[in-house]
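The values are calculated or read from the model by the stated rules, or taken from the named source; none is laboratory data. Remember, it's a predicted structure, so these values are computed and weren't measured experimentally. Note that we place each Cβ from the backbone using ideal geometry, even for glycine, and neighbour counts take in every protein chain shown.
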Amino acid sequence: QQGGAASGPLQGLYLFLFRSAPPSLPGPPGHFLIGNMMELMHDHLPIHLTSLAQRYGSIYRLKCGNTTMVVLNSGELIRETLVRKWSDFAGRPISYTGDIVSGGGRNISLGDYTEEWRAHRRLVHGALQRCCQQSLHSVIERQALHLRKVLMGYQGSPVDLSEDFTVAASNVITTLAFGKEYDKSSSELQQLHSCLNEIVSLWGSSWISALDSFPLLRKLPNPVFARLLKEVARRDEIIKQHLDNFKLQGHQSEDSITGSLLQALDKHQNTKEGQLLTDVHVHMATVDLLIGGTETTAAWLNWTVAFLLHRPEIQDKVYEELCTVPEGRYPKYSDRQRLPVLCALVNEVLRLRPVAPLAVPHRAIRNSSIAGFFIPKNSVIIPNLFGAHHDPAVWSEPYSFKPERFLEGGGGSTRALVPFGGGARLCLGESVAKMELFLFTAYLLRDFQFILPESNVFPPDLRGIATVVLKIKPYKVIARPRPAIGP
Ligand code: HEM
């Protein structure tokens, strides 16, 4: 540099004048009033955001009111943001409607990254782990055997299995949470799920998200919002009843998550952590586990059966593999190594239909950068997991259902999958979900062959309906019992 044009005091001026400004994020032009709001109104947002990535690249911005949204469409960028720079991006957008749904931000999934939130997540994570170590495997086995009984009862008639999958997934969570399981016909269960489903779908609707971006709309009558408020009140009443019953019955041991949480609150009463947490946190954690753990797993099971109807020969391959489990017993989660085709199937359905396709939006809690672009504090980050799982730079024939890509030599790598997000906000139920997906699928495919109701019926439409959870449209299937395996 010495003696060059920009040495000494001139260097500062030179840099000031000629340094290149940080590149600004690409993105579609927006309307002067509503920005790119219309881009978020598409009926299948994950597909739409993925198509925008073809035009603007794997990172682009959308403007919505005063908010800048940054959409990430590759696994690489999602890992950079959520995992490597987790401490910059662990926040959640603070929103008017989110606050209502999350009991004033006091749940785990929507709560912002604060000391209180960290104490809450640690507490629930610990309780979930203790409970899972003791009983998760047997709880899932019990529900899988119950599901088998229900399917046998259909005696080969065409049925929509979605409700049975919801009951099975829900019973895993309610057993872990309060040691209770319900029958499909139970009015308690039906009330709980109709209310939770309603909240998830209403909250995902554009009528509601518009209230967050455009505060003036809150002054106008909004029947969708009125319904949301009613359902949140109903949810809180139902959960309160469950927790009150639980306390009355005196199950305060660490066997269940609720027991473990209540004990931990007592134990930590005099610590700083204990002072941050109250019964409201136990209440909201129950909501988190029920919402996070029921529709996701149930939707995934529905997708799996639907994909298998498109490629029935894969069912036979998994079945043949399951026949090799010693002594004809049902597989354990520890049998994963010996069941590569089953594991490949689980991974391929997670890839094609990550059931939380846009994860949950994150918020930049300080100025930061992604892929060299400056990202200002408070930007909202949307990890498009669906887009990352269809990235043609990573996956060959990204839209084809090919479990074999995850078998040796198939070219697919589980390291490129991000169905559970990552970093500080990694799905709290990841290990519960992984065991459920493996065991439920193993039990189902060991005992049943899934076939179309009639040979002239088309296999189910695989586009799906995307709200917060990506679900398949209802379809009917026949669960034909397989010959018994075993001695
Ligand atoms: C969050 C996926 C099952 C509880 C999430 C997120 C994803 C996800 C993508 C957002 C991560 C982020 O913000 O970056 C899935 C999938 C599942 C599944 C694909 C099953 C196939 C479960 C289960 C439970 C659960 C079984 C409960 C036992 C939660 C909770 C959060 C969460 C509480 C919020 C975490 C936080 O904000 O810190 N999940 N999930 N999920 N999930 Fe899951």
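What to note about this one:
- Filter result for Asp212 (modelled with pLDDT under 90 and either surrounded by fewer than 21 Cβ atoms within 10 Å (Cβ to Cβ) or touching a Phe, Trp or Tyr at 6+ places or on another chain (Cβ under 7 Å) (or both)): yes
- Out of Lys402, Lys377, one residue alone is more than 25 Å from Ile314 (Cα to Cα) and more than 15 Å from the ligand (Cβ to nearest atom). It is Lys377.
- Yes/no for Lys476 being more than 16 Å from the ligand (Cβ to nearest atom), at pLDDT 95 or above and of a type in the set (Lys, Arg): yes
- Criterion (away from the ligand (no atom under 13 Å from the Cβ) and either farther than 30 Å from Ser51 by Cβ or of a type outside the set (Ser, Thr, Tyr) (or both)) met by exactly one of Gly98, Gly91, Gly111, Gly126: Gly126
- Region 44-65: number of residues that are surrounded by fewer than 20 Cβ atoms within 10 Å (Cβ to Cβ), without any contact (Cβ under 8 Å) to a residue 40 or more places away in the chain and not in a strand (DSSP E or B): 6
- For first residues located in region 69-98 and over 30 Å from Leu217 (Cβ atoms), partners that are polar (S, T, N, Q) and crowded, with 23+ Cβ neighbours inside 10 Å and lie 6+ apart or on another chain with Cβ distances below 9 Å form the pairs Ser74/Asn384; Ile78/Asn384; Asp88/Thr81.
- Count of region 139-172 residues which are part of a helix (DSSP H, G or I), among the aliphatic types (A, V, I, L, M) and in contact (Cβ under 8 Å) with a residue 40 or more places away in the chain: 9
- For region 366-393, filtering for residues that are farther than 19 Å from Tyr113 by Cα and crowded, with 16+ Cβ neighbours inside 10 Å leaves 11.
- Checked against (1) modelled with pLDDT of 95 or more; (2) in contact with a strand residue (DSSP E or B) (Cβ under 8 Å, 6 or more places away or on another chain); (3) away from the ligand (no atom under 16 Å from the Cβ), Thr81 passes all but a single condition, namely (3).
- Elements of type helices (runs of 4 or more DSSP H) contained in region 196-315, each with 2 or more residues being in contact (Cβ under 8 Å) with a residue 60 or more places away in the chain and within 16 Å of the ligand (Cβ to nearest atom): 257-267, 279-310
- Neighbours by Cβ (under 7 Å, 6+ apart or cross-chain): first from region 390-411, of a type in the set (Ser, Thr, Tyr); second crowded, with 17+ Cβ neighbours inside 10 Å: Tyr399/His390
- Within region 344-362, if we keep just the residues that are in contact with a Leu (Cβ under 9 Å, 6 or more places away or on another chain) and assigned to a helix (DSSP H, G or I), the residue that is nearest to the ligand (Cβ to nearest atom) turns out to be Leu350.
- Note on region 408-425: among residues that are surrounded by fewer than 16 Cβ atoms within 10 Å (Cβ to Cβ) and part of a loop (DSSP other than H, G, I, E, B), the one that is nearest to the ligand (Cβ to nearest atom) is Ser413.
- Filtered by the rule that a residue be under 17 Å from Val341 (Cα atoms) and among the aromatic types (Phe, Trp, Tyr), region 418-449 gives Phe438, Phe440, Tyr443, Phe448.
- Among the residues making up region 69-83, a single one is among the polar types (S, T, N, Q) and either part of a helix (DSSP H, G or I) or closer than 15 Å to His31 by Cβ (or both): Thr81.
- Put simply, of Ser95, Ser138, Ser102 the only residue that is over 30 Å from Lys377 (Cα atoms) and small (Gly, Ala, Ser) is Ser138.
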